[in-house]
Amino acid sequence: MIGRFAPSPTGPLHFGSLLAALGSYCQAKSEGGRWLVRIEDLDKPREMTGAADDILRTLENFGFEWDGEVVYQSQRSSFYQNALSQLQTKSLIYSCDCSRKEIADSYNHRPPQHGIDGLIYPGTCRHKIAVKTPHASRVIVNAEGITFNDAIQGKIQQNLAYDVGDFVLQRADGLCAYQLAVIVDDIEQGITHVLRGADLLDSTPRQIYLQQLLGQPAPQYAHIPVASNAAHEKLSKQTLAPAIHTAHASTMLTQALNFLGQQPPKDLSNHSANDILQWAKQHWDITKIAKQRSIVLS
Ligand code: GLU
């Protein structure tokens, strides 16, 4: 079993990302597996200087030990280019120079169709002969439907043609899109189990589709509920989730275990972070996690 934690360095580790770190760690370590850390620093404009180091230091101070070297997406563009070329050879991608406004306008008097992740791309550039530069690359989807069994959320179904449309794999600024980078790395790192926040549940069918196109098996997915505030917004840098501090490691880890339904003993928070992780590995039970996409933090 190989699991991973893949934070984007857009800010320090917060309670929401601690949940994904702890859950993926326990899942792999409770089975004697490996746990890898990958810094998803592709989107340089969204990155916060120093956040990657800060996240790694916080993980260490919380007692997490990862296997092997930390991998940085910013150093892996050759892997992504290689995957793009494979799809290109199979004529599965095409260039697209549509702006957001052009996509909305291309619905020609019909109301624009919103899918699970913004406007459904209506395929405008699929048959265009000459596209302007700079342009993005999109992958062609079909209406066959993708179904998978999430280890926490159960059966998930999506139809990429109706819910998403042809989606971007390489942005007009040349950066590889998250959907492609994440599966290329999961494949290349041999990841067998992905445990992460349920905010990524809707992205998973796109990722499974890309794995299929590249002839690779999908890992087993498990999506934990995300922690949200009273306004039902996911705790994130954007909603100003408080960073977590090493001084409160034991309390935060115990709270995270409670959030994940693991029912730690009441006095566990009086123990060291290392002891808490030991307990967590030994008692990990994925079936105790709430089958919900979000839980309001009280
Ligand atoms: N980098 C993503 C995030 O921080 C997580 C990607 C993943 O786990 O697949 O939200």
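The values are calculated or read from the model by the stated rules, or taken from the named source; none is laboratory data. What you see is a predicted model; the values in this text were computed from it and never measured. Don't worry about glycine lacking a Cβ; one is built from the backbone with ideal geometry, like all the others, and counts go over all protein chains shown.
Structure data summary
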read-out	value
Criterion violated by A52 - all others in (1) crowded, with 22+ Cβ neighbours inside 10 Å; (2) assigned to a helix (DSSP H, G or I); (3) within 12 Å of the ligand (Cβ to nearest atom) satisfied	(1)
Condition check for R4: among the charged types (D, E, K, R), buried (at least 23 other Cβ atoms within 10 Å of the Cβ) and modelled with pLDDT of 95 or more	yes
Filtered residues of the stretch 29-43 (kept if within 14 Å of the ligand (Cβ to nearest atom), farther than 16 Å from F62 by Cβ and out of contact with any Cys (no Cβ under 9 Å at 6 or more places or on another chain))	L36, R38, I39, E40, D41, D43
Residue ID - surrounded by the fewest Cβ atoms within 10 Å (Cβ to Cβ), chosen from residues in the stretch 140-171 that are among the β-branched types (V, I, T) and closer than 15 Å to S203 by Cα	T147
Identity of the residue in the stretch 187-197, touching an Asp or Glu at 6+ places or on another chain (Cβ under 9 Å) and closer than 19 Å to L18 by Cβ, that ends up farthest from the ligand (Cβ to nearest atom)	H193
Residue match in the stretch 23-38 (condition: surrounded by fewer than 21 Cβ atoms within 10 Å (Cβ to Cβ) and on the phi > 0 side of the Ramachandran plot)	yes
Residue satisfying condition, being surrounded by 18 or more Cβ atoms within 10 Å (Cβ to Cβ), touching a helix residue (DSSP H, G or I) at 6+ places or on another chain (Cβ under 9 Å) and either free of Cβ contacts under 8 Å to residues at least 24 places away in the same chain or not polar (S, T, N, Q) (or both), within set L257, L297, L214	L257
Criterion: in a helix (DSSP H, G or I) and surrounded by 15 or more Cβ atoms within 10 Å (Cβ to Cβ) - qualifying residue of S137, S74, S95	S74
Lone qualifier among S74, S8, S91, S24 - being out of contact with any Lys or Arg (no Cβ under 9 Å at 6 or more places or on another chain) and either closer than 24 Å to V168 by Cα or within 16 Å of the ligand (Cβ to nearest atom) (or both)	S91
Any hit, the stretch 247-261, residues being more than 25 Å from L56 (Cα to Cα) and more than 15 Å from the ligand (Cβ to nearest atom)	yes
Filter result (within 9 Å of the ligand (Cβ to nearest atom) and modelled with pLDDT of 95 or more) within the stretch 11-21	A20
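The rows are residues; the columns are (1) within 29 Å of V168 (Cβ to Cβ); (2) basic (K, R); (3) surrounded by fewer than 17 Cβ atoms within 10 Å (Cβ to Cβ); (4) under 18 Å from the mean Cα position of the chain (by Cα).
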{"site": "L201", "(1), (2), (3), (4)": "yes, no, no, yes"}
{"site": "A230", "(1), (2), (3), (4)": "no, no, yes, no"}
{"site": "Q262", "(1), (2), (3), (4)": "no, no, no, no"}
{"site": "K266", "(1), (2), (3), (4)": "no, yes, yes, no"}
{"site": "S269", "(1), (2), (3), (4)": "no, no, no, no"}
{"site": "S272", "(1), (2), (3), (4)": "no, no, yes, no"}
{"site": "T287", "(1), (2), (3), (4)": "no, no, yes, no"}
{"site": "Q292", "(1), (2), (3), (4)": "no, no, yes, yes"}
